[in-house]
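The values are calculated or read from the model by the stated rules, or taken from the named source; none is laboratory data. Computed from a predicted structure; not experimentally measured. FYI the Cβ positions are ideal-geometry reconstructions off the backbone, even for glycines, and counts take in every protein chain you see. To get the accessible areas, we keep the full protein, side chains included, count just its heavy atoms, and leave off ligands, DNA and RNA. Shrake-Rupley method; radii C 1.70, N 1.55, O 1.52, S 1.80 Å.
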Amino acid sequence: MTQATEQNFKDVAADMRRHLNVFWFGGGEVGMIFFAAEMPDEDVETQQFRGLEDYAPGLKPGSRKSCQELSKRLEPHLVRFFQEARLDPGDYDVPIAHLRNPVTGVLDISVRYMNYVQVPDADTMDFTVTKDHLVLLKNLRLGDLGGMLASDIKRPYGDMTYFALDIAYLLGEPDPVGEEGYFSKERETRYERLHEEMLLAAQALWSFGKL
C-alpha cells in the first residue's frame, strides 16, 4: 500500500466521522446499526450522506443514484476503520444528541423501544465499553445495504443460523446445551443486550477510536 493510498483512507475516514453518526434500526430479524448524517425521516435520501457529496462527483446530491454510489464508494473505508481503529475498554461519554429529531427533539422511535438499552434525553451518556463489545465490533459485518451503510440485518456477526450462536463463538463461550439446543434465558438476554449495545459501542469507537 502506497503512502498516498494510506493517507487517502485516513482522510476519507476523517470526513466520514465528521459528517456521519451511528443510528439504530429496530426492524428486520435482529435490528441493525447504520450510519447517516442525521436522523432519517421519509426523505432519508436527501440527508443520509450530507457533507460527503464530493465523493460522488457529477451526481445530483441527495438523489437515489448519488446515495447508492456514495454507499458503495465509502463501504471499504468504513469496513477498514472498524477493523483497524483502536479503543481501550473503559467508560466513555458517548454522543447521542443525533438520536433526536432535529425539528421535534423527540428520540428516534427505534431507540425509544429498544429492549435493553435506555437512551436518556441528553446530548451524551455514560457508557462502558467492554472487551466483549470490542470483539464484536471487530467482527461486525458492515457494508452497503442497498444505498445505506449498515450492519447486516440478518447475520451481523457471522453465518450461523442465529446471531447469538455467532456471538457465543466469537466470545469463546460454549454452544447451547440440552436436548433442544437452546441457550439459557440468561445467556440469550445477555447476547441480545450486547447486540443492542452496539449502537453505543460503535458510536464510542466512531467518536474516540484512533487509527
- [ ] Mind listing whichever residues of the range 46-76 are in a loop (DSSP other than H, G, I, E, B), within 21 Å of the chain's Cα centre (by Cα) and either among the hydroxyl-bearing types (Ser, Thr, Tyr) or modelled with pLDDT under 85 (or both)?
- [x] GLN47, GLN48
Task: Selection within the range 91-117 - assigned to a loop (DSSP other than H, G, I, E, B), of a type in the set (A, V, I, L, M) and either open to solvent by less than 30 Å² (accessible area, probe 1.4 Å) or touching a strand residue (DSSP E or B) at 6+ places or on another chain (Cβ under 8 Å) (or both) - done: ILE96, VAL106, MET114, VAL117
Open item on the list: under 21 Å from GLY26 (Cα atoms) and within 17 Å of the chain's Cα centre (by Cα): is that true of LEU140 in this structure?
Closed with: yes
TODO: Answer yes if at least one residue in the range 160-170 is part of a loop (DSSP other than H, G, I, E, B), under 27 Å from SER71 (Cβ atoms) and either open to solvent by less than 30 Å² (accessible area, probe 1.4 Å) or touching a strand residue (DSSP E or B) at 6+ places or on another chain (Cβ under 8 Å) (or both), and no otherwise.
DONE: no
- [ ] Can you tell me which residue within the range 171-211, out of those that are closer than 20 Å to LEU142 by Cβ and without any contact (Cβ under 8 Å) to a residue 40 or more places away in the chain, is surrounded by the fewest Cβ atoms within 10 Å (Cβ to Cβ)?
- [x] LEU171
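One line per residue, one yes/no per condition, for (1) in contact with a helix residue (DSSP H, G or I) (Cβ under 8 Å, 6 or more places away or on another chain); (2) of a type in the set (S, T, N, Q); (3) over 21 Å from GLN203 (Cβ atoms):
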position	(1), (2), (3)
PHE35	yes, no, no
GLU53	yes, no, yes
GLN68	no, yes, yes
LEU99	yes, no, no
THR104	no, yes, yes
VAL111	yes, no, no
TYR116	yes, no, no
Task: Yes/no for ALA13 being farther than 24 Å from HIS195 by Cβ, open to solvent by 10 Å² or more (accessible area, probe 1.4 Å) and out of contact with any strand residue (DSSP E or B) (no Cβ under 6 Å at 6 or more places or on another chain) - done: no
